[in-house]
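In what follows, a single structure is set out as structure tokens and then discussed.
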Amino acid sequence: MNSSPPLIEARGLSKKYGSFLALDRADFVVQPGRIVGLIGPNGAGKTTALRAVLGLTTYDGELRVLGREPFAERALLMQETSFIADVAVLPSWLRVQQAIDFVAGVHPRFRRERAAALLAKTDIGTRRRIGELSKGMKTMVHLALTMAIDARLLVLDEPTLGLDILARRGFYDALVNDYMDESRTIVITTHQVEEVENLLTDVLFIDKGHIVLDCSVEDIGARYAAVEVADDRLAAAREERPFHERRALGKTVLYFEGADREKLEALGEVGAPSVSDLFVAKLSAERAS
Amino acid sequence: MNDFIWLVRREFWENKAIWVLPACIGALMVVASLFGKVEIAMLHASDQQSEVAGVLFFAAIGGVFWAAASIYSVWYLLDCLYADRKDRSVLFFKSMPLTDSATVLSKLCVGVIAIPLVYFCAADIAALLVAFVISVRARLAFGNVLWRPELWLQVQALWLYVIATGVLWYAPVVGWLMLVSAWAKRAVILHALLPPLAVMLAELLFLGTRVSCVVLRDRILGGTYAAFHHPIRWSLATGEMTPGVWQLPAAVGFLSSPDVWIGVVIGAAFIAGAVQLRKRRTDT
């Protein structure tokens, strides 16, 4: 597949908070040039995994990000990694112009003209304080600052939380159209899987600290199938050992992994599951077992 | 170094009170000197008496600023590693290629060097303005006691000495405040006060002694005593001040005191602890 070394490599990544295992020997690899969705329910360990990747927390196990050990080398790592942790983390006392000056002052890969150009597209005055801006505007300021940094890895943790649909769409459009190229890699977590599934190239499903699925979006169609089965064929379909089934509108959708295409086609209408459907199916199966 | 300057600048952006507060105090003093009742008898007194009066004048203005700076510094140090965790902006600052030790050191420098120096400059400006207003109102020639360069310089040196010795003497207090600021999840003031109180109480209850109490008292109240050693005696009646201003600082005694350096070591350990906590804590 990809000959260049992985951007993120985690082996047996674990993190304990007291007696709670937020991450339990998670293994995953992120290759360069990909947009990876780290998807999981609340408390699954998404944020903990990202915190570890960004050097914000200690961890057990092996973790390499851009060849570095994140916790020990966070400052160096941040020269080539950016992150937007959540909405509204820019301090409210900061003026937009000060934010630009500060990042330009401390970040060797920040391009001031680019930030200014991105901000000029919005109607946010640079004299304004972050605290005076709406949530959507704050996010756009943070995004402009982040996109002006020539980073190899961008990590987004619930970046559009609390934003309205227009602002969310604007955020992802800017990201895909103005930022993403082959030299960059994005790791993104969100609850709203539907919103990002069109832009992802890879998915990592995480539940209870485990990686449940690590798969590229192109491979989903080859590995997984969702089959709509009429009731009279249900018994026959179950023989093929679906890992999950869901009843909808008088039909049953069965989910198969690595099953024989021809056999499935005899049972009903075969399609590739969407990322969100696959997520629900995988997690339900994981929890039932 | 460049990063460090930006980090310090950032502190001044966030904490406007660093310069707004002394500016307000200075403005109040000038207003008071403009409209207050001026007691000018002292300024016409004999040479020796007027020298004491001059020193007292500068010392009083400086003292007000020094007290304000001390209170503000304590507040700043307690807040500096807590505020950005509370509003989560720590996540923005941690996305910058800045080490946590640089961040903590920048805040330390602002708390113990920048703030005292800003207040020191404000005290100077305020003293000059007030002296000018009083001189004009009292219709005194500019050669009077408030305008004697050697007196002025002595007082400047004295205050700088107070600031410098204060940095060393209060190192454990400063370190403790920063450690608490990096550690507390809420209520920083309580977190700063309760552990020492608990230690003193436990010692009193279980051992029946007051060693920690005495150590803490001597540390908090003993700064100027350690820096000057000689008790200062003023005599307004005769105008005698013993010893003279230049003899006051006891730098050699201060710098050779083990108390000072034990405190510096403890303070450094606390600050190292604050850096470690800063590396690990990103939320409150």
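When the alpha carbon coordinates of chain A are projected onto the principal axes, the ranges are 68, 41, 39 Å, largest first.
Normalised size of the range A:64-210, defined as Cα radius of gyration per 2.2 N^0.38 Å with N residues, equals 1.05.
Enclosing the Cα atoms of the range B:64-128 in their convex hull gives a volume equal to 86 cubic angstrom per residue. Relative to the Cα centre, the charge distribution of the protein assembly as shown, modelled as +1 at Lys and Arg Cβ and -1 at Asp and Glu Cβ, gives a dipole magnitude of about 1640 debye. Remark: the range A:188-289 carries a charge dipole of roughly 380 debye about the Cα centre, counting +1 on each Lys and Arg Cβ and -1 on each Asp and Glu Cβ. For the peptide A:72-83, the mean number of other protein chain Cβ atoms found within 10 angstrom of a residue's Cβ is 3. All C-alpha to C-alpha distances of the range A:192-289, sorted into 10 Å bins beginning at zero, yield P(r) values of 15, 48, 30, 6 percent in whole numbers.
Could you check the simple spin-label distance between B:Glu150 and A:Asp232, using points 7 Å along Cα→Cβ, in nm with one decimal? The answer from the label model is 11.9 nm. Going down the table (A:Lys135/B:Lys16; A:Lys208/B:Lys185; A:Lys208/B:Lys279; A:Lys15/A:Lys208; A:Lys208/A:Lys251), which pairs top 22 Å between alpha carbons? Exceeds cut-off: A:Lys135/B:Lys16; A:Lys208/B:Lys185; A:Lys208/B:Lys279; A:Lys208/A:Lys251. Whole-Hz Karplus values for the range A:40-53 come out as x, x, 4, x, 7, x, 4, 5, 4, 4, 5, 4, 5, 4 Hz, taken residue by residue from phi with 6.51 cos²θ - 1.76 cosθ + 1.60 and θ = phi - 60°; glycine and proline positions read x.
Relative to the longest principal axis of the Cα atoms of chain A, the long axis of helix A:96-106 makes an angle of roughly 90 degrees. For the peptides B:102-112, A:255-265, residues were scored by their other Cβ atoms within 10 Å and the scores averaged per peptide; the highest-first order is B:102-112, A:255-265. Counting charges near A:Thr47 (Lys, Arg +1; Asp, Glu -1) among other residues having Cβ under 13 Å from its Cβ returns a value of 0. So for the protein assembly as shown, taking the charge dipole from beta-carbon charges (+1 Lys/Arg, -1 Asp/Glu), which of B:Phe206, A:Leu118, A:Val65 sits furthest toward the positive end? Value: B:Phe206. The mean number of partner chain beta-carbon atoms within 10 angstrom of a residue's beta-carbon across peptide B:82-91 is 4. Say the dipole of the protein assembly as shown comes from +1 at the beta carbon of Lys and Arg and -1 at that of Asp and Glu; which of A:Gly105, B:Pro258, B:Leu91 then lies farthest toward its positive end? Farthest towards the positive end: B:Pro258. Separation of the range B:76-129 from the range A:1-79 is 32 Å, based on Cα centroids. Inter-chain Cβ neighbour count for B:1-11, averaged per residue, equals 3 (cutoff 10 Å, partner chain atoms only).
Averaging over all projection directions, the Cα-based convex hull of the protein assembly as shown occupies 36.2 nm² in the image plane.
The numbers here are math on the coordinates, done by the rules we state, and not lab data. Because the structure is a prediction, the values reported are computed rather than measured. Neighbour counts are summed over all protein chains in view; Cβ atoms, including those assigned to glycine, are modelled from backbone coordinates with ideal geometry.
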